Amino acid sequence: QHLDPYHTPWIWVGGSYGASRDTWMRLRNPEVIFAVWESSAVVESRPAASAYWNAMHRSMPQNCSADMQAAMHHIDD
């Protein structure tokens, strides 16, 4: 059997936010995406990541969280 990307169904794989993308791709393109395999898909997306950052910051050793904060400021600047 000759397989080519134009006539072969795709199986889309992703985790976390990528898993959410899998679902959207399957819903939007069912003729192209045959199946999706997802792990740890996002259930509730939050545009502002402060809830995630605050929980992560509280659980880190102080020197690690300070380094992480410095890196974030460097990226933001």
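The values are calculated or read from the model by the stated rules, or taken from the named source; none is laboratory data. Just so it is clear, the model here is predicted, and its values are computed rather than measured. Cβ placement follows ideal geometry from the backbone for every residue including glycine, while neighbour counts extend to all protein chains displayed.
Quick notes
- The range 56-69: number of residues that are surrounded by 10 or more Cβ atoms within 10 Å (Cβ to Cβ) and either among the small types (Gly, Ala, Ser) or over 18 Å from the mean Cα position of the chain (by Cα) (or both): 8
- Scanning the range 52-66 for residues that are within 22 Å of Ser16 (Cα to Cα) and part of a helix (DSSP H, G or I) yields Tyr52, Trp53, Asn54, Ala55, Met56, His57, Arg58, Ser59.
- Residue tally, condition in contact with a Pro (Cβ under 9 Å, 6 or more places away or on another chain), loosely packed, with under 15 Cβ neighbours inside 10 Å and hydrophobic (A, V, I, L, M, F, W, C), over the range 1-42: 3
- Long-range neighbours under 7 Å by Cβ, at least six apart or interchain, first residue among the aromatic types (Phe, Trp, Tyr) within the range 4-17, second at pLDDT 85 or above and assigned to a strand (DSSP E or B): Trp10/Ile33; Trp10/Phe34; Trp12/Ile33; Trp12/Val36
- Every residue from the range 12-42 that is part of a helix (DSSP H, G or I) and farther than 23 Å from Tyr52 by Cβ: Met25, Arg26, Leu27, Arg28
- Within the range 33-55, the set of residues being more than 30 Å from His7 (Cα to Cα) and among the aromatic types (Phe, Trp, Tyr) comprises Tyr52, Trp53.
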